[in-house]
Amino acid sequence: MPTNITEPVVEATETSQQMEFYCVSLQKFLILYVGTLGLYAVYWFFKHWSLFKNSTNATMWPIMRGVFSIFFTHSLFSLFEMKYETKTGEAPKSITNLATIFVVVTLLGNIGAKLSEAGYGLPLSVFSALIALPISCWCLYQAQSLVNYASDDVHGSANNRLTLLNYFWLTLGVLLWALTLLGMYNIPLE
């Protein structure tokens, strides 16, 4: 009976040693997240799940986990914690609360955006969507910091330069920011 209890622990440790995640410098992360009005999060989640899948041979669809990230945030953050614990031998400060904050704020921001599109609750509904951006960014920033440390690339040096594709997405992000700010300018303040 004791062997049944220890086998899953051994498998979890072996899996956590194999796990690979997306390392990116925190500065680049901030530029891409804020510059694309948070759309970078879809790629961020996709990339983490994709590397995890490739390193552990897990069966999953990383693109779906990127698009529907709110359903998989807690499990991804738990994997980050497991990777950190395997590397350091001690449990990190839990980031599960950050996963919860990210999910709640993302949902509230999306609800605010939908209400503002329909003309309800203006201008508060527009501002709720924009207030969600820095809070959700902070949650993912903290998680990325933990991943970088657990992956032996604390500063994200291997991925700290903006690529041509990054500049393309940032250009689209600038257009999105311009449209958002223009739309806010035209909001009736009744």
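The values are calculated or read from the model by the stated rules, or taken from the named source; none is laboratory data. On a predicted model such as this, the values are computed, not experimentally measured, just so you know. Reconstructed Cβ throughout: ideal geometry from the backbone, glycine too, with neighbour counts over all protein chains shown. Protein only, heavy atoms only, side chains kept; ligands, DNA and RNA dropped before computing areas. Shrake-Rupley method; radii C 1.70, N 1.55, O 1.52, S 1.80 Å.
Some observations on this one:
- Among the residues making up the stretch 67-94, those that are without any contact (Cβ under 8 Å) to a residue 40 or more places away in the chain, exposed (fewer than 15 other Cβ atoms within 10 Å of the Cβ), among the hydroxyl-bearing types (Ser, Thr, Tyr) and assigned to a helix (DSSP H, G or I) are SER75, SER78.
Here's the yes/no breakdown for (1) under 23 Å from SER78 (Cα atoms); (2) within 19 Å of the chain's Cα centre (by Cα):
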site	(1), (2)
SER116	no, no
ILE131	no, yes
SER136	yes, yes
LEU146	yes, yes
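- With respect to the conditions (1) within 22 Å of TRP177 (Cβ to Cβ); (2) out of contact with any helix residue (DSSP H, G or I) (no Cβ under 6 Å at 6 or more places or on another chain), THR100 falls short on a single one, namely (1).
- The stretch 138-158, subset in a helix (DSSP H, G or I) and open to solvent by less than 10 Å² (accessible area, probe 1.4 Å), residue farthest from GLY66 (Cα to Cα): ALA150
- Those helices (runs of 4 or more DSSP H) of the stretch 1-64 in which at least 2 residues are at pLDDT 95 or above, considering only elements entirely within it, cover 26-35, 40-56.
- Residue within the stretch 95-114 that is in a loop (DSSP other than H, G, I, E, B) and either under 18 Å from CYS137 (Cβ atoms) or open to solvent by less than 80 Å² (accessible area, probe 1.4 Å) (or both) present: yes
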